[in-house]
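The structure under discussion appears below in the form of structure tokens.
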Amino acid sequence: MKIRIRFIISFIILLLSEIAIGKWGRGFVRGFVGDVLVIPTIYMLLRATFFGKDSIFSVYVLPFLCYYLGWWAEILQAIGILDILGIKRDSILAIMLGGHFDWFDILAYLLGLYAIGIFLAFESKGISTILLKRQ
């Protein structure tokens, strides 16, 4: 349970950041930074609820699954899934899926994947070990 607390707290912080960006963010922050944070937010939620224990899956596979989930959202946007399913553009589901395909979102998701990697590096080595490494 102790391990999951870190992921729960991280998820809550990221989720509140996403909500703040969605409500008050404009331009680059809303259009790009919010997309960067989506992938780590999903990862922290999954680690907090299902995959708390460090394992090969949760450390090496789950981050990429979260990244590819972003790809799928973009693919669904590219085919116009909202129009196909008749989902109103102002609904919660439409906001979660996004409105239109954008290649910069793929780049943002990749940066989110790197953010997960940085988090895992700090988690496994400890921040002080990485920042104050003796040679």
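The values are calculated or read from the model by the stated rules, or taken from the named source; none is laboratory data. Note that this is a predicted model, so its numbers are computed, not measured. Glycine also receives a Cβ, built like all others from the backbone with ideal geometry; neighbour counts cover every protein chain displayed. Heavy atoms of the whole protein, side chains included, go into the accessibility calculation; ligands, DNA and RNA do not. Shrake-Rupley method; radii C 1.70, N 1.55, O 1.52, S 1.80 Å.
Between Tyr60, Tyr43, Tyr67, the distinction of being under 29 Å from Ile5 (Cβ atoms), assigned to a helix (DSSP H, G or I), open to solvent by 90 Å² or more (accessible area, probe 1.4 Å) and modelled with pLDDT of 90 or more belongs to Tyr60 only. For residues that are open to solvent by 70 Å² or more (accessible area, probe 1.4 Å) and under 24 Å from Leu46 (Cβ atoms), scanning just segment 76-96, find the one that is nearest to the chain's Cα centre (by Cα). Top of the filtered list is Met96. The set of residues from segment 22-38 being at pLDDT 90 or above and either under 17 Å from Pro63 (Cα atoms) or surrounded by 11 or more Cβ atoms within 10 Å (Cβ to Cβ) (or both) comprises Val29, Phe32, Val33, Gly34, Asp35, Val36, Leu37, Val38. Tell me, please, whether a residue that is assigned to a helix (DSSP H, G or I), within 19 Å of Thr41 (Cβ to Cβ) and at pLDDT below 90 can be found in segment 97-116. Yes: segment 97-116 contains one or more residues that are assigned to a helix (DSSP H, G or I), within 19 Å of Thr41 (Cβ to Cβ) and at pLDDT below 90.
Residue check: is Phe51 under 16 Å from Phe119 (Cβ atoms), of a type in the set (A, V, I, L, M, F, W, C) and not in a helix (DSSP H, G or I)? Yes: the conditions hold for Phe51.
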